[in-house]
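Inspection log for the structure reproduced underneath, given as structure tokens.
The values are calculated or read from the model by the stated rules, or taken from the named source; none is laboratory data. Here the structure is a predicted model, which is why all the values come from computation and not from measurement. Glycine also receives a Cβ, built like all others from the backbone with ideal geometry; neighbour counts cover every protein chain displayed.
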Amino acid sequence: MILQTLIGEFEHEVNNTRTLLEAVPEKDLQFKPSPISWTMGELAQHLATIYYWYVGTLTKTEYDLLADKMERGDTGDIKATLELFEKNVKQAREALLNLKEEQLQDAWTMKAGDKIMVGPMPRGIVIRNFLFNHVYHHRGEMIVYLRATGNKVPGLYGPTYEQSQGMKAG
């Protein structure tokens, strides 16, 4: 039952993430709000990359970030980032659909080489925190980036402030 709820949320939120990534304009991919921030292109690519991590999270009990290599492509090409996103979502969906309810309780650990980064903790908690909430956190950042550059922010859970006020942004 919990797994079916997670699958439903995954599908709904994949659409929201796609909508947000589609709103990222090529012209602003080099924008960064501060010297220590990612560029808009790097942030978009990170959102696409999180979906890649689903496979390691859902199919292994220990995931080593340093041992797992993924070709990410150019952060200055939003079309490439959208292609990466779609490829990763397809693999994430397959891994999620093959997961069994009882596997939500399996102990899961993330490490970087010999250093433990997360866990061990139940996989179900990792799905919520490391995967789902991680995406939501970075989507919030992307909304700030879009607003800071004068771009239109899509409504993900209903109309945006600008839409509710009858205003046109960017």
Regarding the stretch 39-62, can at least one residue be identified that is more than 30 Å from TRP108 (Cα to Cα), in contact with a Gly (Cβ under 9 Å, 6 or more places away or on another chain) and modelled with pLDDT of 95 or more?
yes
Where a residue in the stretch 21-50 is assigned to a helix (DSSP H, G or I) and its partner, wherever it lies, is among the β-branched types (Val, Ile, Thr) and at pLDDT 95 or above, with Cβ under 6 Å and at least six apart:
GLU26/ILE78; ASP28/THR149; ALA44/VAL24; ALA44/THR81; GLN45/THR81; ALA48/THR81; ILE50/VAL135
With criteria (1) in contact with a strand residue (DSSP E or B) (Cβ under 8 Å, 6 or more places away or on another chain); (2) modelled with pLDDT under 95, GLY73 comes up short on (1)
Being under 30 Å from ASP28 (Cα atoms), of a type in the set (Gly, Ala, Ser) and either at pLDDT 95 or above or surrounded by 14 or more Cβ atoms within 10 Å (Cβ to Cβ) (or both) is the requirement here; does GLY124 meet it?
no
When the residues of the stretch 75-99 are narrowed to those that are surrounded by fewer than 13 Cβ atoms within 10 Å (Cβ to Cβ) and without any contact (Cβ under 8 Å) to a residue 60 or more places away in the chain, which ends up nearest to the chain's Cα centre (by Cα)?
LYS90
Does GLU102 meet the test of being over 30 Å from GLY41 (Cβ atoms), loosely packed, with under 14 Cβ neighbours inside 10 Å and free of Cβ contacts under 8 Å to residues at least 12 places away in the same chain?
yes
Failed item in (1) exposed (fewer than 14 other Cβ atoms within 10 Å of the Cβ); (2) of a type outside the set (Lys, Arg); (3) in contact with a Phe, Trp or Tyr (Cβ under 6 Å, 6 or more places away or on another chain), with ALA107 passing the rest:
(3)
So, in the stretch 74-94, exactly how many residues are out of contact with any Lys or Arg (no Cβ under 9 Å at 6 or more places or on another chain), β-branched (Val, Ile, Thr) and in a helix (DSSP H, G or I)?
1
Tell me, please, whether a residue that is buried (at least 19 other Cβ atoms within 10 Å of the Cβ) and within 19 Å of GLU22 (Cβ to Cβ) can be found in the stretch 55-62.
no
